[in-house]
């Protein structure tokens, strides 16, 4: 039950999700994407119905397809994103 509550907290506060200038560059590089709005790209992925969201310690981890987004649970900052190596 706690897992669903944690997930709902992030979804309810999706408008607070942001990243730093360095974060934008890191996310683009790690995901190999070329988009003007990295934060919007990440939010769409996080809000997708197939995204698995769980909280571990101070961070949320959002897993969809072969992507993992790490979001600080207190500041709602996207810390990093990367592809899962298979």
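Counting the residues of the range 1-36 that are farther than 15 Å from residue 80 by Cα and either modelled with pLDDT of 95 or more or assigned to a helix (DSSP H, G or I) (or both) gives 15.
Annotation note: Cβ proximity below 6 Å between a residue of the range 37-53 that is on the phi < 0 side of the Ramachandran plot and at pLDDT 95 or above and a residue that is exposed (fewer than 15 other Cβ atoms within 10 Å of the Cβ) and assigned to a helix (DSSP H, G or I) (sequence gap 6+ or interchain) occurs for 43/14.
Scan the range 44-58 residue by residue and report those that are surrounded by fewer than 17 Cβ atoms within 10 Å (Cβ to Cβ) and either in contact with a strand residue (DSSP E or B) (Cβ under 7 Å, 6 or more places away or on another chain) or part of a helix (DSSP H, G or I) (or both). Give the steps one after another, and end with the answer.
First pass over the range 44-58, keeping only residues surrounded by fewer than 17 Cβ atoms within 10 Å (Cβ to Cβ): 44, 47-50, 52, 54, 56-58.
Result: 44, 47, 48, 50, 52, 54, 58.
Scanning the range 72-86 for residues that are part of a strand (DSSP E or B) and over 16 Å from residue 25 (Cα atoms) yields a total of 1.
When we screen 34, 6 for residues that are over 13 Å from the mean Cα position of the chain (by Cα) and surrounded by 14 or more Cβ atoms within 10 Å (Cβ to Cβ), the only hit is 6. Here residue 69 meets each of (1) assigned to a loop (DSSP other than H, G, I, E, B); (2) surrounded by 14 or more Cβ atoms within 10 Å (Cβ to Cβ) with one exception, condition (1).
Please state which one of 41, 61 is surrounded by 11 or more Cβ atoms within 10 Å (Cβ to Cβ), under 10 Å from the mean Cα position of the chain (by Cα) and not in a strand (DSSP E or B). Show your work before the answer.
Values: 61 fails: not in a strand (DSSP E or B).
Every option except 41 fails the conditions.
The values are calculated or read from the model by the stated rules, or taken from the named source; none is laboratory data. Since the model is a prediction, treat every value here as computed from it, not as a measurement. Reconstructed Cβ throughout: ideal geometry from the backbone, glycine too, with neighbour counts over all protein chains shown.
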